[in-house]
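Read the structure below first, then the notes.
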Amino acid sequence: MYKNIIVISDNQFMMQSFAEIISKKQIDSINVSYAISPYSNYLDFNILTENRSEIINVLDLKNQDTVKQVIKEYDLIFSIHCKQLFPKELVDNVKCINVHPGYNPLNRGWYPQVFAIINDTNIGATIHEIDEFMDHGAIIARAFVEKKYSDTSLSLYNRIIEKEIELIDEHLLSIITNTYKTSAPESEGNLYLKKDFNKLTEIQLDERLSALEFINKLRALTHGTYKNAYFVNPENGKKVFLSINVEEENEDL
Ligand code: 0FX
């Protein structure tokens, strides 16, 4: 059984959800700390569980001394949408577990639902052990979520994080008690980086795509108020942002 646990996250909602699950399970004799990356704003993170405000640390995993300190203090680390890559020294010395908003190994890396819409691949959520490569280690649990033609990146993302939270709820105890089983990913799968997402965002006005490909691209780049897809206005060179509104007819009407 692991006793000294740290949860590192850059996603306020996921960190809060994780903290609520841990608190609900009322596991005796564990100490849980919470941390964010230097990329996140400390003020955005205010984790409350049962009227208790958890203290959040800022951890820079590029700093050797910090990594050594973490290895000394903790025996289990959860990465819950943590934007820092865990260094090899850390993953070789402490059990590190990642919760990923994609179905490994199909959708490794950044913004998995975006690439699942573009490439029409299956999508889901995964809990896995961390090795030195991104979203690559032994799989503890994973599940698909439905992907619809009427989805945008945001609606699909919301379904995925709901599934991540379900998987955490279901598998947390077996992870903390170190009684879980793993399976190896079937292949290296697909890995997408932030730069692959950035490349998608400019729509070339002379690009030829089928209607389906174009609609899929806009659905994949539509995520609430984010300004993702754009074309360059030939008149003044300014970016013009666009997104798509998708709604399937309601059968009851
Ligand atoms: O926390 P997270 O949902 O997850 C991301 C990666 O997708 C994940 O693979 C990695 N393990 C984790 C550390 O970081 O990312 P987010 O909260 O920055 O963005 C959530 C969604 O919002 C993303 O899937 C797509 C959308 N988005 C985000 C940004 C910043 C956009 O459409 N445009 C943007 O500029």
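The values are calculated or read from the model by the stated rules, or taken from the named source; none is laboratory data. Keep in mind that this is a model prediction, so the values were computed, not measured. Neighbour counts run over all protein chains shown; Cβ positions are idealised from the backbone, glycine included. Side chains are part of the model used for accessible areas, which takes the heavy atoms of the whole protein and leaves out ligands, DNA and RNA. Shrake-Rupley method; radii C 1.70, N 1.55, O 1.52, S 1.80 Å.
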A chain fully extended from Lys25 to Asn245 at 0.36 nm per residue, minus the present Cα-Cα distance, gains in nm 75.2 nm
Neighbourhood net charge (13 Å Cβ-Cβ; Lys/Arg +1, Asp/Glu -1) for Ser79: -3
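Past the 26 Å Cα-Cα mark, which pairs from Lys25/Lys181; Lys62/Lys238; Lys95/Lys199?
Details: Lys25/Lys181 21 Å; Lys62/Lys238 37 Å; Lys95/Lys199 35 Å.
Table pairs above 26 Å Cα-Cα are Lys62/Lys238; Lys95/Lys199.
Is the shape of the stretch 1-66 best called rounded, prolate or oblate, per the rule: a/c under 1.5 gives rounded, else a/b larger than b/c gives prolate, else oblate, with a ≥ b ≥ c the square roots of the Cα gyration tensor eigenvalues?
Working: a/c = 2.39, a/b = 1.31, b/c = 1.82.
Oblate shape, in that a/c is at least 1.5 and b/c is the bigger or equal ratio.
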The stretch 1-154: Kirkwood hydrodynamic radius (Cα pairs, Å) comes out at 16.4 Å
In Å², and per residue, what accessible area does the stretch 4-192 have when probed at 1.4 Å with the other protein chains present? 47 Å²
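Net charge around Lys148, counting only other residues with Cβ within less than 11 Å of its Cβ (Lys, Arg = +1; Asp, Glu = -1)?
Working: positive: Lys147, Arg159, Arg219; negative: Glu146, Asp151, Glu248.
Residues close to Lys148 contribute a combined charge of 0.
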With Cα coordinates, the longest principal axis of the chain makes an angle with the long axis of helix 153-176, in degrees rounded to 10, of 20 degrees
